[in-house]
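Heads up, the thing below is written out as structure tokens.
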Ligand SMILES: Cc1cc2nc3c(=O)[nH]c(=O)nc-3n(C[C@H](O)[C@H](O)[C@H](O)COP(=O)(O)O)c2cc1C
Ligand code: SF4
């Protein structure tokens, strides 16, 4: 497998432009500027690249949704908010290979004919923010973007914007609102950002890793990228692995790799020789998978869907046999209750309510009725809100209860009502 994203991670001073260029950096953007925007979009479509922010939407197709006859300026937003628990791969790109992302931004901005790009990074990324700013200054000084790009008559400014540490600002319209200086609350869709995004102008929001993949596609060609992975999950991706394994970290994998191979090889196997109980495959909002189900799971979009879960943002968390699943659900739901932006009643009230029930259950003071109420609440939170945060809490919660029902029942308080009177 050819490394698309992580080839520079272990190279000393890989964040500096001289090192990046010595390894072939910026040749892809230089090549792209000599192509037509349509040729680039066609190349990205042919590569099969899907967005790595979570939803897995085809990148070239997304770009082609921009209206052709709209005279307003177009914007490119780079989503570096990376707040999904279990996910820490964009951080690695920002720290170790920021120029790969910047090169991707130049390619994408030219392809969609945007003259302004905003890198929106999460509030906690203080050091990473400084690294990005330094890298941008280096690339601008070389004339790679600015009044011209690589000597071509194409103007591009790239700005950075630091968030304030809210998970919901990773949702693309929450990000746009926050970028505009407003409270970071998602917008009702439609209209979608492609027509009404930043300042109500056509906008594309792309994840850091998605953009960092573009230099490879432009230099090696779409066919080389599509030759890796599976028919519907082309190429490679960065996987984060954390939890009860020996070697937690960020690893680049070819799509389609069996889950257990990844855990046992890159992840170094289970810690302290324990058995696996379950895993959360793609960040905290993805439904849980039992150890038995994991035996046939592969690291691609198709296999995740077949197993009733999602690939999400590639944030794999592995749980060993000693894990208290009820308590793990409590921790998960506390996060979502805290991060709900509060606009929609089913989410604002629902996330808080399910968290309180989970807390009761984990403390041993919940009842069997609580489990039923929790499942009912989950049903009422899905598909009834402005953004998918409510579903991001309810879908995994339901899977924890359904797949580990016995553990939940073992924790409920014995009822005071005599069985015959119920
Ligand atoms: C609650 C919520 C949080 C999200 N957080 C992030 C995030 O931190 N980073 C990210 O790239 N996408 C995040 N997304 C997905 C974005 O809305 C959007 O789909 C993505 O940035 C598009 O980029 P892509 O097409 O390159 O994947 C989040 C979505 C939701 C619903
Ligand atoms: S679903 Fe939750 S986070 Fe999303 S807009 Fe509604 S209240 Fe806000």
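Give the Cα extents of the range 175-250 along the principal axes, in whole Å, largest first.
41, 38, 21
Ranked highest first by the average count of other Cβ atoms within 10 Å around their residues, in what order do 89-95, 69-75 fall?
Answer by packing, highest mean first, reads 89-95, 69-75.
So, in nm, how far is label residue 18 from label residue 61 when the simple model puts each one 7 Å beyond its Cα toward the Cβ?
Result for the modelled spin labels: 4.5 nm.
Compute the length gained on full extension between residue 35 and residue 200: take 0.36 nm times their separation in residues and subtract their Cα-Cα distance, giving the result in nm to one decimal.
My answer for the length gained is 56.5 nm.
If R0 is 22 Å, what FRET efficiency do you get for residue 155 and residue 27 from their C-beta distance, rounded to 0.05?
The calculated FRET efficiency here is 0.55.
Full-extension gain between residue 295 and residue 376, please, as 0.36 nm times their residue separation minus the C-alpha to C-alpha distance. Display every interim value, and only then the final one.
Numbers: separation 81, 0.36 × 81 = 29.16 nm, distance 3.06 nm.
Answer, rounded to one decimal: 26.1 nm.
Residues of the range 349-375 with the amide nitrogen closer than 12 Å to a label point 7 Å from the Cα of residue 409, along Cα-to-Cβ, please.
Those under the cut-off are 368.
Once you place label points 7 Å from the Cα toward the Cβ at residue 148 and residue 220, how far apart are they in nm?
3.2
Indicate the gyration tensor shape class of the range 17-226 (rounded, prolate or oblate), computed on the Cα atoms with a ≥ b ≥ c the square roots of the eigenvalues: a/c under 1.5 is rounded; otherwise a/b larger than b/c is prolate and the rest oblate. Intermediate results must be reported in sequence, preceding the final value.
On the way: a/c = 1.40, a/b = 1.15, b/c = 1.22.
Rounded.
Angle between the Cα long axis of helix 368-381 and the longest principal axis of the chain, 0 to 90 degrees, nearest 10?
That works out to roughly 30 degrees.
Does anything in the range 359-379 have its amide N under 20 Å from the 7 Å Cα→Cβ label point of residue 345, and if so which residues?
Backbone N within reach: 373-379.
Taking other Cβ within 10 Å of each residue's Cβ, how do 412, 11 sort, fewest first?
11, 412
Can you tell me the 0 to 90 degree angle between the C-alpha axis of helix 126-141 and the longest principal axis of the chain, rounded to 10?
Taking Cα atoms only, the helix is inclined about 20 degrees.
Throw me the Rg/Rh for the range 234-350, computed over C-alpha atoms with Kirkwood Rh, two decimals.
1.00
Expected output is a single nm value to one decimal: the length gained when fully extending between residue 232 and residue 124, i.e. 0.36 nm times separation in residues minus the C-alpha distance. What is it? Let's see the in-between values first.
Numbers: separation 108, 0.36 × 108 = 38.88 nm, distance 3.42 nm.
Length gained between residue 232 and residue 124: 35.5 nm.
Over what distance in Å are the Cα centres of the range 138-157 and the range 302-344 separated?
Value for the Cα centre distance between the two parts: 42 Å.
Taking the 0 to 90 degree range and rounding to the nearest ten, how far is the long axis of helix 98-112 tilted relative to the main principal axis of the chain, both from C-alpha atoms?
Approximately 70 degrees, to the nearest ten.
Would the chain count as rounded, prolate or oblate if I go by the C-alpha gyration tensor, calling it rounded below 1.5 in a/c and otherwise prolate when a/b exceeds b/c, oblate otherwise?
Prolate, since a/c reaches 1.5 and a/b exceeds b/c.
Sort the following peptides by mean Cβ neighbour count (other Cβ atoms within 10 Å, averaged over residues), highest first: 334-346, 273-285.
Highest to lowest by the protection proxy: 273-285, 334-346.
Kirkwood Rh over Cα pairs of the range 1-81 into Stokes-Einstein at 4 °C, 1.567 mPa s: D in µm²/s?
84
Counting only helical runs of four or more DSSP H residues, what would the 222 nm mean residue ellipticity of the chain come to if each run contributes -39,500 (n - 2.57) and the total is spread over all its residues?
-12500 deg cm²/dmol
Is the range 286-410 rounded, prolate or oblate when judged by the Cα gyration tensor, a ≥ b ≥ c being the square roots of its eigenvalues, rounded requiring a/c under 1.5 and prolate requiring a/b larger than b/c?
Cα axes put the range 286-410 in the oblate bin.
We did not get these values from a lab; they are worked out from the coordinates using the rules stated. Everything quoted here is computed from the prediction, not taken from an experiment. Glycine also receives a Cβ, built like all others from the backbone with ideal geometry; neighbour counts cover every protein chain displayed.
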